[in-house]
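Take a look at the structure set out below.
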Amino acid sequence: MKANLPLIGVRVIDFGQQIAGPAVAMILADLGATVIHIDPPTGPTWKSPANAILNRNKTTVNIDLKTDQGLAQAHTLIKHADVVLENFRPGVIKRLGIDFEQLRKERPELITISLPGFASNDELRSQWKATEAIIAANSGAFTDMGFNRVLMGLDPSFSPLSLGSAYATAMGASSVVAALFARENLGLGDHIEVPGVAALMEGLSYNSIVIEDLPERYLTMREHEINYRKENNLPMDVSYEELQEYLDPFYRTYECKDGRFFYAVCPSHRNHAKRCLQVMGLYEELLAKGFPEVNNLHLPISEWDGETSIGFYPLPKKWADIISAKMKKVFLTKTSSEWGVIFGEGQIPGAPHRTTQEWVNSQHCADAGLIVEVDDPEYGVMKQPGPIVWLEESAEQMLTPRPRVTVNFELALAELLDVEETEQVTRPTGSEIIHNNDQPWLEGVKILDLTNVIAGPHSAAFLSRFGAQVTKLDPVTPMYDPLIGTLFSFQTNIGKKSALVDITTEQGKAIFHQLVKSVDLVLINAPERQMVPLGLDEASLQVLNPGVLFCRLDCLGGPTRGSKTDYIGYDDIIQANSGIMSRFGGPQTPEEHAHLGTLDVNCGFAGGLGMALSLYHKKRTGKHSRARTSLSAAANLAQIKFAYDYDGRAPFDEPSGREALGNHDLSHFYATEQGSLFIDSNEQELSLLEQVPGLAGVSVAEDKKAFLSQAFAKDSADNWALALREKGIAAVRSTGIEELRERYTRPADGKMGIDLGSYAFSCYADHPSGHSVTIIDHYSIRPSRAKIIAQTPTERFGHSTTEIIASLGYNEQQIATMLNDNIIGTGWGKEYLPS
């Protein structure tokens with residue numbers, strides 16, 4: 001028994017199948033919960049080695065819920081559980097005889113969670129067979145794959161990543177832990193629904209945001225070329241090689257001396273771009289050629305003293321071409337691995353492209369605990385993803401997961417009873433339970449948010465929906481240009497109060513210390529090496545505010561130190577280094593997985609889980625902790641279908657490259673008379689396919705792809721999808737984001753669209769930026785008891801500075817003096833979003 005893990009004593013019954021449900025329970029089990037996983041008598045419905053990962057640290061029992069004995073056994077196990085989890089289609093678990101609503105009436109302290117594919121209140125789709133690919137195809141995830149795919153004329157595209165499940169997993173685990181924290185206060189449990197489709201839409205939120213009248217300075221070379229081709233009715237037929245010349249020199253792939261590739265990702269930050277040019281020996285040369293350096297990138301471009309600047313993204317084509325040509329030559333002088341060390345040690349974001357197989361077997365992942373070894377009963381010693389979230393105080397206990405084990409019902413029940421007998425109940429019980437209460441799970445929790453870019457800020461914004469009060473603290477002088485510094489914040493800083501303080505000054509540091517003393521938790525995204533200089537190490541924080549909690553996110557960190565632990569980086573760095581880009585574009589033509597923030601946002605959700613975990617742990621034990629996660633951990637979750645290795649493993653040959661349009665011929669995109677159809681079937685369903693009008697003969701067709709291509713061309717995608725679904729075959733017309741926005745956008749109404757089904761957008765016509773902004777609702781987590789807060793739109797940086805400083809006891813004269821001395825500020829530049 002690993003007694004220090006934060007969820008020790010929590011008992012979970014896991015009815016999950018496929019990925020999302022079992023993965024939520026896996027995270028809980030990794031964190032110390034006792035998890036009994038229920039499989040049908042024939043075993044898991046998804047046959048994959050990944051089940052060895054998903055069911056580690058669990059005890060599995062085979063139960064037939066369709067028999068009276070099996071149902072009685074399930075109910076007996078549930079009587080001793082804190083959490084019950086399932087991810088079937090809405091209504092299935094109840095039809096099997098397990099009624100969550102009734103269970104919670106009998107035991108108000110019970111927490112139940114459902115993770116259906118489509119929302120239970122989606123009248124159109126709730127009963128569709130909602131596979132991973134079907135959800136993605138219906139949600140624009142295969143049609144809106146970024147500017148690269150638009151210019152190359154690729155629509156639809158396909159990706160085998162289980163993104164919907166990954167997002168639902170992080171959000172589902174977060175909601176369970178937040179509900180456990182609330183239960184410590186009220187004694188009440190909750191029922192939670194997390195539809196996979198809603199989780200996917202929130203996870204890919206940067207794919208669907210629309211900012212009207214966006215100034216031209218924010219348009220990339222690719223966007224200019226797309227607009228030019230549209231205006232002149234020219235085809236989108238750019239080749240991969242041609243595409244590279246539309247990319248910013250600080251945000252593209254370069255070939256190296258060893259014939260392998262390196263991804264440089266250092267735009268938008270003055271220091272990062274400058275360091276990059278310096279280590280390549282190009283900085284002084286470019287300055288001599290007249291490359292400008294603008295002092296304040298947050299001023300309108302009309303007021304700049306140069307046409308562009310180092311640290312500005314995107315660069316105009318003139319300078320992009322000059323710099324790219326020079327960087328290409330320099331990159332060819334060293335191997336990709338050598339550049340990886342130079343960039344990493346030089347604190348420059350960039351990484352060599354590698355495959356998932358190389359990532360899983362890398363020394364850094366082993367040393368950092370990002371990949372662990374488990375002696376699985378079926379596959380032997382198996383490399384598996386390490387923890388997704390951990391507390392520093394107990395991280396090492398998570399590096400040796402117990403292999404999955406299958407037992408009979410009696411032994412499973414005995415395991416639950418053993419834990420129950422030693423439980424120390426700290427929550428209200430009996431007459432102490434506070435009934436009829438819709439209090440948000442984290443009401444009253446105060447967070448100081450010191451993060452930047454996407455992952456870190458998203459984690460605090462994520463918790464604000466649960467009632468957490470977030471103060472966002474940033475420097476008076478920004479390091480990032482307005483694209484990353486301001487534009488990204490439209491989503492990452494929703495619901496927060498913003499203050500600008502120069503904490504390098506004595507007065508600024510005093511304000512920072514007062515803010516630390518005023519909160520329950522401090523949050524940052526930065527490598528470990530920065531903690532002591534910032535005063536965010538354990539000793540310094542506890543002197544300021546004894547018992548304060550802390551959460552840190554970074555790029556390449558794990559539970560223990562590895563050679564790359566202190567390297568800085570972004571989502572794109574891990575995509576390149578972990579094999580995601582090599583899979584998406586192909587090993588010789590790697591391409592960023594096209595959704596901005598693909599890993600960032602889920603790392604934010606994982607950060608939210610870490611913070612909720614610390615809060616729960618302190619509530620239960622009185623002990624403070626330091627929660628951790630990383631982009632690397634998020635990448636492992638996104639690739640959980642592939643991120644493993646063992647002797648005798650099948651080849652790493654999942655669908656890869658731009659030509660991939662599905663998993664195989666029966667799980668594939670097909671052109672129809674009108675629109676693209678995605679069918680997600682398999683050999684076991686051939687008899688059902690034979691029953692679909694127009695598909696007779698498919699089971700004996702030698703070339704099934706040719707057969708289906710010819711058949712599907714005779715009718716529309718909508719008609720085919722309907723005919724296939726009527727026979728129990730998963731199928732859907734490929735739908736774009738624009739169509740979804742048109743159908744499901746409403747004026748912002750101060751609510752989250754939890755009651756609106758699977759899709760809900762809000763249009764903020766009077767957004768504080770002065771632009772009309774349409775954004776996906778924060779609607780994925782749907783408790784039946786606790787209230788979800790509709791957050792206010794993102795305010796301008798520094799908008800609440802004087803209010804926050806005054807709340808610390810400073811008077812008007814002191815505030816005015818600090819404003820005059822630039823110790824505090826009320827905005828970056830002259831405009832919210834600079835023109």
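The values are calculated or read from the model by the stated rules, or taken from the named source; none is laboratory data. Bear in mind that the values here come from a model prediction, so they are computed numbers and not experimental data. Here Cβ is always computed from backbone atoms with ideal geometry, including for glycine, and neighbour counts include all displayed protein chains. The area values use the complete protein model at the heavy-atom level, side chains included, leaving out ligands, DNA and RNA. Shrake-Rupley method; radii C 1.70, N 1.55, O 1.52, S 1.80 Å.
Quick notes on this one:
- Annotation: aspartates and glutamates with alpha-carbon distance below 12 angstrom to Lys830 (same-chain offsets under eight excluded): Glu303.
- Lysines with Cα under 27 Å of Lys714, excluding same-chain neighbours fewer than 8 positions away: Lys129, Lys704, Lys705, Lys727
- The range 349-426: Rg to Rh, with Rh as the Kirkwood radius over Cα pairs: 1.12
- Nearby lysines by direct alpha-carbon distance to Lys94 (threshold 16 angstrom, same-chain neighbours under 8 apart not counted): Lys66, Lys105
- Solvent exposure ordering (accessible area, 1.4 Å, most first) of Glu284, Glu86: Glu284, Glu86
- Based on C-alpha pairs under 8 angstrom that are at least 6 apart in sequence, the range 89-132 has a relative contact order of 44 percent.
- Farthest toward positive dipole pole in the chain [+1 Lys/Arg, -1 Asp/Glu at C-beta], among Ser699, Gly547, Thr253: Gly547
- The tail of the calculated P(r) for the range 253-356, taken as Cα-Cα distances beyond 24 Å, holds 24 percent of the pairs.
- Less than 5 angstrom separates the built amide H of Val372 from those of Gln384, Gly386, all sequence-distant by 5 or more or on a different chain.
- The string of couplings for the range 471-487 from the Karplus curve (6.51, -1.76, 1.60, θ = phi - 60°) is 9, 9, 10, 10, x, 5, 9, x, 8, 9, 6, x, 5, 7, x, 10, 4 Hz, one whole number per residue in order, with x for Gly and Pro.
- Sequence ranges 424-430, 177-183, 195-201, 532-538, ranked by mean other-Cβ count within 10 angstrom, highest first: 195-201, 177-183, 532-538, 424-430
- Selected from Ala173, Gly495, Asn820, residue furthest toward positive end of dipole (the chain; charges at beta carbon): Asn820
- Pairs of lysines in the range 489-564 (C-alpha under 29 Å apart; 8 or more residues apart or interchain): 5
- Simple rule: put +1 on each Lys or Arg Cβ and -1 on each Asp or Glu Cβ in the range 650-711, find the dipole, and look at Leu666, Ser687, Leu677; the Cα lying farthest toward the positive end is Leu677.
- Portion, in percent, of the accessible area of the range 175-300 that falls on carbon or sulfur, probe 1.4 Å: 44
- Calculated accessible area for the chain comes out at 37 Å² per residue, all protein chains present (probe 1.4 Å; ligands, DNA, RNA ignored).
- Mean shadow area of the range 122-217 over all directions, Cα convex hull, nm²: 9.6
- Relative to its Kirkwood radius, the Cα radius of gyration of the chain gives an Rg/Rh of 0.95.
- Whole-Hz couplings from phi, Karplus 6.51/-1.76/1.60, listed for the range 651-668; x for Gly and Pro: x, 7, 10, 4, x, 8, x, 6, 7, 5, 10, x, 7, 6, 4, 9, 10, 6
- Listed pairs Lys446/Lys618; Lys751/Lys787; Lys472/Lys623; Lys289/Lys318 exceeding 18 Å between Cα atoms: Lys472/Lys623
- Share, in percent, of DSSP beta bridges within the chain that are antiparallel, nearest 5: 45
- For the chain, the Cβ-based charge dipole about the Cα centre amounts to some 820 debye (Lys, Arg positive; Asp, Glu negative; other atoms uncharged).
- For the range 314-463, convex hull of alpha carbons as volume per residue, Å³: 256
- At the listed q of 0.18 Å⁻¹, the Debye profile of the range 37-136, built from one uniform point per Cα, gives log10 I(q)/I(0) equal to -1.04.
- Apportionment of accessible area to carbon and sulfur, the range 341-404, percent (1.4 Å): 49
- Overall form of the range 468-528 per C-alpha gyration tensor (a/c, 1.5; a/b vs b/c): oblate
- Based on DSSP H segments of at least four residues, each scored -39500 (n - 2.57), the chain has a per-residue ellipticity at 222 nm of -10000 deg cm²/dmol.
- Relative contact order (percent, whole number), the chain, Cα cutoff 8 Å, 6+ residue spacing: 18
- For the range 156-291: relative contact order, % (alpha-carbon pairs under 8 angstrom, 6 or more apart): 13
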